[in-house]
Structure formats: C-alpha cells, structure tokens
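The values are calculated or read from the model by the stated rules, or taken from the named source; none is laboratory data. The model shown is predicted, which means the values in this text are computed figures rather than measured ones. Here Cβ is always computed from backbone atoms with ideal geometry, including for glycine, and neighbour counts include all displayed protein chains.
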Amino acid sequence: MALETNGMIPGLREPAKRKGLRARELDFHSSSRTAPLPQYKPMFDVHLQHLWVNPRIRHTMQTAGFLDDDGKPVDVDAHRRKLFVIEQELAQADMVERYRARDKERKREEMIILAKRQEVQQQRIFAVQAVREGRRQRREATADGVGVRSTSSLPAIGADSPVS
C-alpha cells in the first residue's frame, strides 16, 4: 500500500490513506493565483513621517543618504544604480589617493636611502684618501731619512757597508 509522494513538498503530512478522504483531497482546487506581494516602503509611509522630523534621526538618515537636503525621503531603489556608480568612483578615488600617498612615501624613503649611500660613499673616499696620505707621508719620511739608523740592537743592512 505504498502511496506516491513524488510531487509532495517535503515537511507536509502524508496523503490520506482512506479512499474517501483521498478523493476529497485530490478534488480540492484553489482558484487563487500567485501574485507578487505589495512592496512596503517605510520611507514613504505617512504614519512614520514623525520619525523623520526628529533632528537626531534626520541627521543620521541624511548622512546615510536616505533623506535629501530638504528632509524628504529618497527612493533608494530608484537611485541604486547611480549610488553604486558613485560608491565605485569614491572607492576608486580613495584607492588612487592611497596609491599616491604610498608612492610619495616610497620616493621619500628612496631619497633618504640615496642620501645615506652618498654620505657613506663620501666617508669611504675620505677614509681611503686619509690612508693613502698617511702611507705617502710615511714613505716620504723614510725616503728623507735614508742615513738615519734605528735605535735597535741589530746592525743596519746596507747602510754603511765597507764593501761597495
């Protein structure tokens, strides 16, 4: 006695098992048709107009874009596409501004790095020049004092040799 439940909506009760009740169920037809539900727009409800008069709520609604400058409600659905484009443009402008700020910061850091590199390069050049100058002065000092003997206990080689 398996009953067909193929066309049933899940969660409903099972069809009647007695023939008489089943016939009554199958004979039931509703003349109602599917119709869209009426839209309720609270912004345009005359019974809620007293809310938009409250300065605190009016300010909040104006900053959110639900009320215009005159305090009249704005149909957001009618302006949805326009608002989307405006929001996209604002987001893009913010992104461009962030990119410019990041690029400016990056260039500033690069300039600081280049200045530091030049400073370090100058310090290296001065250090190399100082080392070279010190070596040159030592070389000149030793070249000027060829006949000078050191105070060490070792004899100087080739300074006063009898055999020449």
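Hey, does region 58-65 have a residue that's among the hydrophobic types (A, V, I, L, M, F, W, C) and assigned to a helix (DSSP H, G or I)? Scanning region 58-65, I find at least one residue that is among the hydrophobic types (A, V, I, L, M, F, W, C) and assigned to a helix (DSSP H, G or I), so the answer is yes. Would you mind finding the one in Arg24, Arg106, Arg33, Arg80 that is charged (D, E, K, R) and at pLDDT 95 or above? Matching residue, one of Arg24, Arg106, Arg33, Arg80: Arg106.
Considered as a group, the residues in region 29-53 that are assigned to a helix (DSSP H, G or I) and β-branched (Val, Ile, Thr) include one that is surrounded by the fewest Cβ atoms within 10 Å (Cβ to Cβ), and that residue is Val46.
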